[in-house]
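Since every read-out is calculated from the coordinates, none of them should be taken as a lab result. Everything numeric in this text was worked out from a predicted model, so none of it was measured. Here the Cβ is made from the backbone with ideal geometry for all residues, glycine too, and neighbour counts use every protein chain on show.
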Amino acid sequence: MEYGTKVTDTLTTMGQVRVEQLQEAVQEGFSSVLNLRVPNELGFWAGEQQVAESLGLCYAHIPLRLEHLEEAVIAQILRQLDQLPKPVLVHCAAGMRSTAIALLSTAIAERLTPEQTVEKAYAIGFHYIDNTLVSPQLKERFFDYVAQHSRAKRPAERHTEAQAA
């Protein structure tokens, strides 16, 4: 998909979508759209759900404000991602929130460590994850979430298992 970031075979992210991009998503076999934009954001498209559904896409909208990035909201978004028919096009205004959320979902599903998640981000061209302009608190929250919720075994857990063997 033009202007999209393919995170996995079932998750692609981008900034604000247009009608043509939703049509392209349908042609490429996408089943769902998850909109993370807040309704009062500049450029929010109020008619997006109606257009998406008229094209046969499942549609979900969960507003995500970075300044209010709370575990309950992240968990709600990740549950919604799990439930939506795949593949899913996830978007926000510029693709930063959507790609970060898709990376969280991928890290948890693939049992990635925070370090592996950064490698994955760079591999898909998402360099904002380590950008100095991104709030240190947001980065810390992102990596803490990955560390807490990924099923990857931490070094201490691997060490304990090795001792038990």
Flagged in the stretch 46-61 as within 16 Å of residue 21 (Cα to Cα), under 21 Å from the mean Cα position of the chain (by Cα) and crowded, with 17+ Cβ neighbours inside 10 Å, in numbering order, are 48, 52, 57, 59
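Restricting to the stretch 1-20, what's the tally of residues that are over 21 Å from residue 128 (Cβ atoms) and over 17 Å from the mean Cα position of the chain (by Cα)? Lay out the reasoning, then the answer.
Step one: filter the stretch 1-20 for residues over 21 Å from residue 128 (Cβ atoms), giving 9-10, 18-20.
Then drop every residue that is not over 17 Å from the mean Cα position of the chain (by Cα), which leaves 18-20.
Within the stretch 1-20, residues that are over 21 Å from residue 128 (Cβ atoms) and over 17 Å from the mean Cα position of the chain (by Cα) number 3.
Checking the conditions here, which among 54, 31 is among the hydroxyl-bearing types (Ser, Thr, Tyr) and under 16 Å from residue 9 (Cα atoms)?
Values: 54 fails: under 16 Å from residue 9 (Cα atoms).
The conditions single out 31.
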Just one listed residue, out of 94, 121, is of a type in the set (A, V, I, L, M), assigned to a loop (DSSP other than H, G, I, E, B) and closer than 22 Å to residue 17 by Cβ, and it is 94
Within the stretch 75-100, residues of a type in the set (Gly, Ala, Ser) and closer than 16 Å to residue 149 by Cβ come out as 75, 100
Within the stretch 64-91, residues being buried (at least 16 other Cβ atoms within 10 Å of the Cβ) and part of a loop (DSSP other than H, G, I, E, B) number 4
Per the filter on the stretch 49-62, residues out of contact with any strand residue (DSSP E or B) (no Cβ under 6 Å at 6 or more places or on another chain), touching a residue at least 12 places away in the same chain (Cβ under 8 Å) and not in a loop (DSSP other than H, G, I, E, B) are 51
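Would you call residue 121 of a type outside the set (Phe, Trp, Tyr), within 9 Å of the chain's Cα centre (by Cα) and buried (at least 19 other Cβ atoms within 10 Å of the Cβ)?
Working: of a type outside the set (Phe, Trp, Tyr): yes; within 9 Å of the chain's Cα centre (by Cα): no; buried (at least 19 other Cβ atoms within 10 Å of the Cβ): yes.
Spelling it out, it is not the case that residue 121 is of a type outside the set (Phe, Trp, Tyr), within 9 Å of the chain's Cα centre (by Cα) and buried (at least 19 other Cβ atoms within 10 Å of the Cβ).
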